[in-house]
Amino acid sequence: MTPPTSADHGHPTTDSASGKFHDPKTIRIRPADFNDARDVATVRRLVQGFADVSNVTLSPSVKDTVAPFLGRRAAFVLLAEDLGSENDTKKPETVAMLIAQRILSSFEAGERINIHDLYVIPEAQGRGIGRRMLSVCADHARALGCSDLTLEVAGDNAAARSLYRTFGFDVPEGEVPEGSVLYGKCPLS
Ligand SMILES: CC(C)(COP(=O)(O)OP(=O)(O)OC[C@H]1O[C@@H](n2cnc3c(N)ncnc32)[C@H](O)[C@@H]1OP(=O)(O)O)[C@@H](O)C(=O)NCCC(=O)NCCS
């Protein structure tokens, strides 16, 4: 089968250096298991990948501690695996990660879920995986009894702003001052 190009989904995606194609039909999203050494290693690798595309340099100590830290402190971490694609150890390749934390809503006397990080690897972008990660996150947040989702997004991140707006976050539209960080909230019904 000829893999769909980025044009099939309407957005430019980064060409895969490895030539791998991630078919949305074979993607499974599940919570990371921090008792599983493979998941710990996967989370560390994807945090590094997200830092790289964000032009952030992680200190060596953070590289060692970030996954155990998230295991203790995050509400949940979702991983998207491609069951149709194997990595070097013959395991499904992980193509996306979402890190979520529980925060308070005083006015609701309840809790909400803050999406702290969402990262889809370049080879898998533009195929609806980011949107599916948000849906699964919303399901988990509802199951936890949370009233809404919140997040922050850089004003110059057009792809993320568009994803969040079309998902239901009230992220502002249009031009914003350079360097802006925008807040978005999405009620959960
Ligand atoms: C932003 C990101 C999470 C989007 O994930 P994705 O899987 O590529 O997005 P999807 O294929 O699910 O697309 C969903 C929507 O996002 C928007 N979108 C995605 N890529 C886009 C692009 N290149 N340009 C404009 N909008 C885009 C569209 O609104 C799209 O909906 P549509 O296809 O119905 O038009 C992904 O590009 C990514 O990980 N980027 C690097 C890290 C990052 O910026 N994370 C967000 C930090 S706040």
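Please treat every number below as a calculation from the coordinates, not as lab data. What you see is a predicted model; the values in this text were computed from it and never measured. Counting neighbours? That spans all protein chains shown, and the Cβs are built from the backbone with ideal geometry, glycine included.
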L182 long-range amide H proximity, modeled H, under 5 Å
V153, A154, G155
Whole number please: convex hull volume per residue of the Cα set in the chain, in Å³?
144 Å³
Sorted by chain and number, the residues with a modelled amide H under 5 Å from that of N87, at a separation of 5 or more or across chains, are E93
Can you give the Kirkwood hydrodynamic radius of segment 57-127 from its Cα pairs, in Å with one decimal?
14.4 Å
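Would you tally the net charge around L104, using a Cβ to Cβ cut-off of less than 10 Å, leaving L104 out, and scoring K and R as +1, D and E as -1? Walk me through the numbers before you get to the answer.
Numbers: positive: R102, R112; negative: E108, E111.
Taking every other residue near L104 into account, the sum is 0.
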Which distance in Å, rounded to a whole number, links the C-alpha centroids of segment 147-189 and segment 62-116?
19 Å
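Provide K63, K90 in ascending order of the number of other Cβ atoms located within 10 Å of each residue's Cβ, fewest first.
Values: K63 14, K90 6.
Placing the least packed residue first, the sequence is K90, K63.
Under 14 Å from the Cβ of G184, count the other residues' Cβ atoms, weight Lys and Arg +1, Asp and Glu -1, and hand me the total. Numbers along the way, then the final one.
Numbers: positive: R112, R161, R165, K185; negative: D148, E152, D170, E173.
Summing Lys and Arg as +1 and Asp and Glu as -1 gives 0.
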